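Asker: Shown below is the structure under consideration.
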Amino acid sequence: MEDINTIYYNAFGIAFQWKRCAIKDFKKIQLVFRNTGLYLTSDELIQFSENIEKALEKPMLCNDCKENDSCKSLLLETPAPQISFAMSYIELKDVQDLIKGTLFQLGLDKILEKQLIKKH
């Protein structure tokens, strides 16, 4: 864990940035949940958040999908058009929390960084 800067985590997954990486990847965020890792830019993270909102707006395929974690009836599109996830409603809410918490923390870090620059 010494090689990463944790941004946000919950019981479902973690978002972090690598301390040592190529300059082109310096601002990318690593998301890890289930058995999957996604390496995204901030814009892709925002797109992913919007995709989650769209997936949550779709009607459920069965009546008990909100309580049944084994029902993977929701399809979540990722920023990479060739990759989608089949998820339960509970998993979708968990990944939504992971993404929203990450975006919130990134925004807060940006505000604090600007305040530090103003003081110096």
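Asker: According to a simple spin-label model (label point 7 Å from Cα along Cα-to-Cβ), what is the distance in nm between D97 and N5?
Answerer: Inter-label distance under the simple model: 2.5 nm.
Asker: Now for a separate question. Expressed as an acute angle from 0 to 90° and rounded to the nearest 10, what is the orientation of the C-alpha long axis of helix 42-57 relative to the principal long axis of the chain?
Answerer: 20
Asker: Applying 1/(1 + (r/R0)^6) with R0 = 30 Å to the Cβ-Cβ distance of Q115 and L56, what FRET efficiency is obtained, to the nearest 0.05?
Answerer: 0.30
Asker: Could I ask something else about it? If I fit a long axis through the Cα atoms of helix 89-119 and take the longest principal axis of the Cα atoms of the chain, what angle between them do I get, 0 to 90°, rounded to 10?
Answerer: 20
Asker: Let me ask something else. Given the rule -39500 (n - 2.57) for each run of at least 4 DSSP H residues, summed and divided by the residues of the chain, what is its mean residue ellipticity at 222 nm, to the nearest 500 deg cm²/dmol?
Answerer: Numbers: 2 runs with 47 residues, N = 120.
Calculated mean residue ellipticity at 222 nm is -14000 deg cm²/dmol.
Asker: If you add up the charges near I117, with Lys and Arg at +1 and Asp and Glu at -1, over every other residue whose beta carbon is less than 13 angstrom from its beta carbon, what do you get?
Answerer: Working: positive: K110, K114, K118, K119; negative: D109, E113.
That sum, taken over residues with Cβ under 13 Å, equals +2.
Asker: Sticking with this structure for a sec: Run the quick spin-label model on L75 and D43: label points 7 Å from Cα toward the beta carbon, then report their separation in nm to one decimal.
Answerer: Output for this residue pair reads 2.6 nm.
Asker: Which net charge results when you count Lys and Arg as +1 and Asp and Glu as -1 among the other residues whose beta-carbon is under 14 Å from that of I83? All intermediate terms of the calculation are to be shown ahead of the outcome.
Answerer: Numbers: positive: R34; negative: E44, E77.
Neighbour charge sum, excluding I83 itself: -1.
Asker: Compute the Rg to Rh ratio over the range 4-119 from the alpha carbon atoms, using the Kirkwood formula for Rh, and round to two decimal places. Don't skip to the end; give the middle numbers.
Answerer: Values: Rg = 15.7 Å, Rh = 15.2 Å.
Computed over Cα atoms, the ratio is 1.03.
Asker: Sticking with this structure for a sec: Testing the spin-label approximation: label points 7 Å from Cα along Cα→Cβ at A86 and V32. State their distance in nm.
Answerer: 2.6
Asker: Here is a further query. With a sphere of radius 11 Å drawn around the Cβ of K19, what net charge do the other residues whose Cβ falls strictly inside it have (Lys, Arg +1; Asp, Glu -1)?
Answerer: On the way: positive: R20; negative: E2, D3.
Result for the neighbourhood of K19: -1.
Any read-out appearing in this document is the output of simple, stated calculations on the displayed coordinates, not a laboratory observation. Computed from a predicted model, the values in this text were never measured in an experiment. As a convention, Cβ positions derive from the backbone with ideal geometry for all residues, glycine included, and neighbour counts pool all protein chains shown.
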